[in-house]
Amino acid sequence: MTTPWEELLPGTRRALLHRIAVAQAEARVPSVVAAVAREGRMVWSGARSCVDGHAPDADTQYRIGSITKTFTAVLVLRLRDEGLLDLSDPLEKHLPGTGVGEVTVAQLLAHSAGLAAESPAPWWERTPGALRPELVDVLGERPVLHPTGRRHHYSNPGFTLLGSLIEAVRGASWEEALRREVLEPLSMDRTTARPVAPAADGWAVHPWADVMLPEPAVDLGLMAPAGQLWSTAADLCRFAGFLAEGDEKVLSAASVAELRTPAAAPETGEWDGLYGFGTQVIRQGGRTLVGHTGSLPGFVAGLWVSVEDGVAAVALANSTSGLAAGSLAAEVVGIVADAEPRIPAPWKPLTEVDQELLALTGPWYWGTQPVGLKLTADGGLELRPLRGGGRGSVFVAAADGGWTGLDGYYAGETLRVVRRPDGSVSHLDLGSFVFTRAPYEPGDAVPGGVDEAGWRGLGA
């Protein structure tokens, strides 16, 4: 049951139903189901079907294809957080004998390992995984096509390797690890490796006639970590909430944020889309959306989250092509976020304040560039330019008494308060940059010193 402020307005619901109705009719797909989550809870779902009276609902399973990759990435980061591997580790350290050289775990997660996009023939998405019983059958004779780490090149075999890595390190099958470590803690009991009724059948729709052909729903075997899963709109709304905020039962908010962070440059000409660790990151309608799209013969799927807006959307259809489910899900996010902007939490003053930190707030100068330092609501510090563009970051306290940058140019850099022998504040040191209370004040700790004659006019 949703609370009143979570329910969508009638006009928004009408716009959403209209959009998916148009999508089903124009794309000529047998059925489409979509859902919206706000602040981590499903607040709307709708469907259209070519069979009167048999529209799917948010509990109907569809195959979600490559959205599976995001789940696989979650399992890998769990291993990292437990100290069982490092993302910079070569795959060979944990899974020897693959023949892919020194590609790292991080490169596999970001599709920057240089591996081929697909496995050798026959087309793996329409043939049983039993035809590829070993990793060598998935990788083929020439698994690496590009220099490792140099470009983003989407690779399904790369996520097969990650699935095998999980099994080797965890000592359990990919499917069992996924069920135990992700699906059960997130209450995603309708997400499975094989269809469980009610589940949609997959279809191919003839491009030039209104007729259909059933598509095979094969078990992908070793390729399962790249695209095996079946899920529902309701379950994927739960997963969207996890991608936005994390869940300590599965991954911390910081580790989930790492999943969402772009880790590889896009292909040339595709700068509106980036890739994190098992997640796609796109810009649409002025928003940053994080999630993944998916397709397998008979099905297309899309899941996007706007963390800033607190809105997520899912779109699922049972047709091989015709409907861009990812684009539909992104449009649904935009409809809701534009019609019903997120209501911010009320401002509240700090419950405690460190007076020494408070004394540091206000204007500082990097050379002549004015910046402002302020306390954040969570007790951190934020440094931003006061006019024009420039560098800024949010900082959190470090164990050594300094402050560590979290974002922007100063991410990972250390901010320190430098004091004079009498204990008064001399300046701020940020990665060797000096910030003083006045611009080039004589006697301040300005690198290179300050001209003794001081400031002057043009004719002086």
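Taken together, the values in this text are just the output of simple stated rules run on the coordinates, not laboratory data. Values in this document were obtained by computation on a predicted structure and should not be read as measured data. Every residue, glycine among them, receives a Cβ derived from its backbone with ideal geometry; neighbour counts consider all protein chains shown.
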| query | Which one of Leu350, Ala337, Val76 is farthest out on the positive end of the charge dipole of the chain, using unit charges on Cβ (Lys, Arg +1; Asp, Glu -1) and the Cα centre as origin? | reply | Ala337
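In which sequence would Ile67, Ile343, Ile20 go, from the one with the fewest C-beta neighbours within 10 Å to the one with the most? Each step should come with its number before you reach the end.
Numbers: Ile67 29, Ile343 8, Ile20 22.
Lowest count first: Ile343, Ile20, Ile67.
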| request: Step through the residues of region 9-15 one at a time and calculate ³J(HN,Hα) from phi using the Karplus curve (6.51 cos²θ - 1.76 cosθ + 1.60, θ = phi - 60°), rounding each to whole Hz and writing x for Gly and Pro. | output: 5, x, x, 5, 4, 5, 5
| query | How much length is gained on full extension from Val396 to Leu213, taking 0.36 nm per residue of separation minus their Cα-Cα distance? | reply | 60.2 nm
| said: On a straight-distance basis, which lysines could pair with Lys93 in a cross-link, Cα separation under 25 angstrom, same-chain partners fewer than 8 positions away excluded? | reply: Lys69
| field | Surrounding net charge for Ala224, when Lys and Arg each add one and Asp and Glu each subtract one, Cβ distance under 13 Å | value | 0
| said: Counting other C-beta atoms within 10 Å, and keeping those with at most 13, which DSSP coil GluC sites (Glu not before Pro) do you find in region 380-460? | reply: Glu452
| Of Leu220, Ala233, Thr368, whose Cα points farthest to the positive end of the dipole of the chain (charges on the beta-carbon: +1 Lys, Arg; -1 Asp, Glu; origin at the Cα centre)? | Thr368
| request: On a C-alpha basis, how far is the centre of region 275-314 from the centre of region 75-94 in Å? Whole number, if you could? | output: 25
| message | Let's see if you can work this out: charge +1 on each Lys and Arg Cβ, -1 on each Asp and Glu Cβ, no other charges. What is the dipole magnitude of region 217-363 about its Cα centre, in debye to the nearest 20? | response | 280
| query | Separation between the Lys93 and Arg384 pseudo-spin-labels, each 7 Å from Cα along Cα→Cβ, expressed in nm? | reply | 3.9
| query | What is the dipole size for the chain, taken about its Cα centre, with +1 at each Lys and Arg Cβ and -1 at each Asp and Glu Cβ, in debye to the nearest 20? | reply | 680
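At R0 = 30 Å, how high is the FRET efficiency between Glu441 and Trp347 if r is their beta carbon distance? Nearest 0.05 is fine.
0.30
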| task | May I ask you to evaluate 6.51 cos²θ - 1.76 cosθ + 1.60, the Karplus curve with θ = phi - 60°, for each residue of region 417-432 and list the ³J(HN,Hα) values in order in whole Hz, giving x for glycine and proline? | result | 9, 9, 10, 7, x, 7, x, 6, 7, 8, 6, 9, 10, 10, x, 5
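Per DSSP H run of n ≥ 4, the term is -39500 (n - 2.57); total these for the chain, divide by its residue number, and report the mean residue ellipticity at 222 nm rounded to 500 deg cm²/dmol.
Working: 12 runs with 112 residues, N = 460.
Helices in the chain give a 222 nm mean residue ellipticity of -7000 deg cm²/dmol.
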| query | Using 0.36 nm per residue, how much length does the chain from Glu39 to Glu267 gain when fully extended, once their Cα-Cα distance is taken away? | reply | 78.8 nm
| task | Could you calculate the contour length gain from Asp86 to Asp137, that is, 0.36 nm times the residue separation minus the distance between their Cα atoms, to one decimal place in nm? | result | 15.7 nm
| note | Counting sequence-distant residues (5 or more places) and residues on other chains, those with an amide H built under 5 Å from that of Glu413 are Gly405
| said: Considering only C-alpha atoms, what is the centroid distance from region 146-165 to region 390-414, in Å? | reply: 32
| remark: Computed over the chain: longest principal axis from alpha-carbon atoms vs helix 68-81 long axis, angle to nearest 10 degrees, is 50
| With the contact rule set at Cα under 8 Å and sequence spacing of 6 or more, what percent relative contact order holds for the chain? | 16
| remark: When the charge dipole of the chain is computed with +1 on Lys and Arg Cβ and -1 on Asp and Glu Cβ about the Cα centre, the Cα farthest towards its positive end, among Ala265, Thr12, Gly454, belongs to Thr12
| query | Angle between the Cα long axis of helix 156-170 and the longest principal axis of the chain, 0 to 90 degrees, nearest 10? | reply | 80
| Which whole-Hz ³J(HN,Hα) couplings does region 94-111 yield from phi under the Karplus relation 6.51 cos²θ - 1.76 cosθ + 1.60, θ = phi - 60°, glycine and proline marked x? | 10, 9, x, x, 7, x, 9, x, 9, 4, 9, 4, 4, 5, 5, 4, 9, 6
| Cα-projected label distance for Glu452 with Lys249, points at 7 Å along beta-carbon direction, nm | 7.2
| Got a sec? Which residues in region 399-419 would a label at Asp354 touch, if it sits 7 Å along Cα→Cβ and we count backbone N under 11 Å? | 399-404, 417
| task | Round to the nearest 10 and give me the degree value, 0 to 90, for the angle of helix 233-245's Cα axis relative to the longest principal axis of the chain. | result | 20
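Using a simple charge model, +1 on the beta-carbon of Lys and Arg, -1 on the beta-carbon of Asp and Glu, nothing else, what dipole does region 355-435 show about its Cα centre, in debye to the nearest 20?
Charge dipole, region 355-435, about its Cα centre: 280 debye, nearest 20.
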| task | Compute the Cα gyration tensor for the chain, then decide on rounded, prolate or oblate, letting a ≥ b ≥ c be the square roots of its eigenvalues: rounded whenever a/c is under 1.5, prolate when a/b is larger than b/c in the other cases, and oblate in all that remain. | result | prolate
